[in-house]
Amino acid sequence: RASLSGGSPVVLKNKLIRLRSLFKFATDNVEGVGQIKFGTGLELPTKRELRRHRARQPKPLLTPEDFRNLWDAANVRLRAWIGLGLFAGLYASDLSQLCHGHIVGEFLDFPRPKTAISRRCWLPQVVRDAIKAATVKGKSDELMFRTATGKQLLTDNPDGSRIDKVANAFSILKRGIGFDRAGAGFKALRHTARTVIDACGDQPAADLFMGHTSGHISEAYRHELSDDRLRTLGEYLQRWAWPETA
């Protein structure tokens, strides 16, 4: 545990969870191995430690001016990514797995890859135009975005390193316009989207937009949510980004 604790409590927690999973796998699957006790040495960071760490971090949020500056300076391809980052709440990992069939008409319908939780949102015309300009038509199950060599935008190497074309391009864009505020990486688009749409007061629609689940019993009884409610969120975001569209 001491050798793993060089980073933040969040990074340490993720490392410990992966390490502890090895013990659980051995306990559940290796013949002759009983319950493995690793004692307190591999205890996860406490919720208090995680909260204190989070409180010290800069908020991953953008202002409307920040967004417009990034949008205006972006090339065709990066503009599509930024639009999907804000108006669909997509991370780089989502963009890497986004297929043509996930966008039909005005709506994106793309369950979150890591959780399979439903996610649906309305895309304004300006974002759809950006996507059209940055992509070529493909089959519904074909990836929408690839690197110049045909690889996925985000790949994990055997040595544990990661190649993230989205983050790299976003960093270059930020440097180009002199925008270097801490915490304002590509993920800030998703954090900003949720923060902004919460002002609409429609949590079920916001959860579907984000691919979140509250765990409330109402989710077991709610089988549909109108696209008009999702369009309301998207239009609210659009007015936040470009007030002149109000």
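The values are calculated or read from the model by the stated rules, or taken from the named source; none is laboratory data. The shown structure was predicted, so the numbers you read here are calculated from the model rather than taken from an experiment. FYI the Cβ positions are ideal-geometry reconstructions off the backbone, even for glycines, and counts take in every protein chain you see. Heads up: the accessible areas ignore ligands, DNA and RNA and are worked out on the full protein's heavy atoms, side chains in. Shrake-Rupley method; radii C 1.70, N 1.55, O 1.52, S 1.80 Å.
Things to note:
- Restricting segment 1-57 to residues that are open to solvent by less than 80 Å² (accessible area, probe 1.4 Å) and aromatic (Phe, Trp, Tyr), the residue that is farthest from the chain's Cα centre (by Cα): PHE38
- Annotation: GLN152 fulfils all but one of (1) assigned to a helix (DSSP H, G or I); (2) touching a Lys or Arg at 6+ places or on another chain (Cβ under 8 Å); the unmet one is (1).
- Selection status of ILE197, assigned to a helix (DSSP H, G or I), open to solvent by 50 Å² or more (accessible area, probe 1.4 Å) and aliphatic (A, V, I, L, M): no
- Residue check for VAL166: closer than 30 Å to GLU219 by Cβ, among the β-branched types (Val, Ile, Thr) and not in a loop (DSSP other than H, G, I, E, B): no
- Residue among LEU98, LEU189 that is of a type in the set (A, V, I, L, M, F, W, C), more than 17 Å from LEU233 (Cα to Cα), open to solvent by less than 10 Å² (accessible area, probe 1.4 Å) and in contact (Cβ under 8 Å) with a residue 40 or more places away in the chain: LEU98
- Against the test of being farther than 20 Å from ASN75 by Cα and either in a strand (DSSP E or B) or among the aliphatic types (A, V, I, L, M) (or both), the options ILE117, ILE131 yield a single qualifying residue, ILE117.
- Any pair with Cβ under 9 angstrom, 6 or more apart, that starts in segment 127-156 at a residue that is within 20 Å of ILE82 (Cα to Cα) and ends at one that is acidic (Asp, Glu) and not in a strand (DSSP E or B): ARG128/GLU106
- Which listed residue, of LEU225, LEU230, is at pLDDT below 95, closer than 18 Å to ASP109 by Cβ and open to solvent by less than 70 Å² (accessible area, probe 1.4 Å): LEU225
- In segment 157-177, of all residues being open to solvent by less than 60 Å² (accessible area, probe 1.4 Å) and without any contact (Cβ under 8 Å) to a residue 60 or more places away in the chain, the one that is nearest to GLN57 (Cα to Cα) corresponds to SER171.
- ALA206 part of a helix (DSSP H, G or I), surrounded by 15 or more Cβ atoms within 10 Å (Cβ to Cβ) and of a type in the set (Gly, Ala, Ser): yes
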